[in-house]
1. From the list L66, L58, pick out the single residue that is under 17 Å from V156 (Cα atoms) and surrounded by fewer than 18 Cβ atoms within 10 Å (Cβ to Cβ).
2. Please find, among R72, R100, the residue that is in a loop (DSSP other than H, G, I, E, B) and buried (at least 19 other Cβ atoms within 10 Å of the Cβ).
3. Return only the number of the condition from (1) part of a strand (DSSP E or B); (2) touching an Asp or Glu at 6+ places or on another chain (Cβ under 8 Å); (3) of a type in the set (D, E, K, R) that E131 does not satisfy.
4. Regarding V16, is this residue over 18 Å from S184 (Cα atoms) and in contact (Cβ under 8 Å) with a residue 60 or more places away in the chain?
5. Could you please let me know if A75 is touching a residue at least 24 places away in the same chain (Cβ under 8 Å) and under 14 Å from E18 (Cα atoms)?
6. Output yes when any residue across the stretch 85-92 is basic (K, R) and out of contact with any strand residue (DSSP E or B) (no Cβ under 7 Å at 6 or more places or on another chain), and no when none is.
7. Please find, among A92, A9, A31, the residue that is surrounded by 14 or more Cβ atoms within 10 Å (Cβ to Cβ), part of a helix (DSSP H, G or I) and in contact (Cβ under 8 Å) with a residue 60 or more places away in the chain.
Amino acid sequence: MESIKAEIAATAARMVVEEGLEYGPAKRRAAKQLGSSARSALPDNNELHAAVREYIELFCADTQVLELKALRALALVWMERLAEFRPHLTGAVWQGTATRWSDIHLQLFCDDSKSAEIALIDHKVAYDVGEMTGLNGKPISTLHLSCACPGLKEQVGVHLAVMDYDALRGALKPDASGQTPRGSAPALRKLLQTQESHG
């Protein structure tokens with residue numbers, strides 16, 4: 001069972017890094033590809049995260065750092081544009097495992113979900129509306145847009161999950177491994193400065 005789990009993690013990690021898949025779909029697709037139907041064989045997110053980091057070190061070490069920096073710089077631009085909605089960065093760009101195939105995921109915490117849409121309209125930004133499960137398990141609005149990333153010289157997907165303002169307090173609690181699953185604009189600036197100082 002453990003070897004199947006490790007195999008699924010390695011295969012899913014490749015899909016996450018090379019195709020920009022989210023963890024859930026990557027695990028399910030990897031399991032299907034490897035012919036495993038047992039849900040118990042799926043690695044947890046921490047195991048997949050470790051496999052993603054290992055894959056990046058082995059196959060993308062020379063390019064990933066610059067790609068991550070470009071995506072974080074673009075994320076910061078959007079966080080500054082949407083500052084009134086208390087944006088927090090989450091996902092691979094926040095965790096440091098993003099590559100050029102990764103999208104930017106921001107969570108907005110505001111009293112009125114429509115106000116974020118109005119802000120995009122005011123900025124003449126084209127977007128699509130979707131839905132996903134929020135932090136409290138209830139459906140929330142998501143706004144999807146595409147914009148140019150100067151550092152990568154290509155288009156990047158930016159996804160805005162619109163949360164209730166009250167959800168912000170619980171959102172900043174560390175996860176089981178002690179990591180903060182999301183970060184504010186000042187926290188992201190600090191990460192970029194650290195990246196800069198390490199060359």
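The values are calculated or read from the model by the stated rules, or taken from the named source; none is laboratory data. If you're wondering where the values come from, they're calculated on a predicted model, not measured in any experiment. When we count neighbours, we look across all protein chains shown, and the Cβ atoms used for this are built from the backbone with ideal geometry, even at glycine.
1. L66
2. Just one listed residue meets the conditions, R100.
3. (2)
4. yes
5. For A75, the condition - touching a residue at least 24 places away in the same chain (Cβ under 8 Å) and under 14 Å from E18 (Cα atoms) - is not met.
6. no
7. None of the other options fit; the residue is A92.
Residue-wise test of (1) touching a residue at least 60 places away in the same chain (Cβ under 8 Å); (2) over 23 Å from A161 (Cα atoms); (3) in contact with a Gly (Cβ under 8 Å, 6 or more places away or on another chain).
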| position | (1), (2), (3) |
| --- | --- |
| A50 | no, yes, no |
| F59 | no, yes, no |
| T63 | no, yes, no |
| L66 | yes, yes, yes |
| K69 | yes, no, yes |
| H88 | yes, no, yes |
| T99 | yes, no, yes |
| C110 | no, no, no |
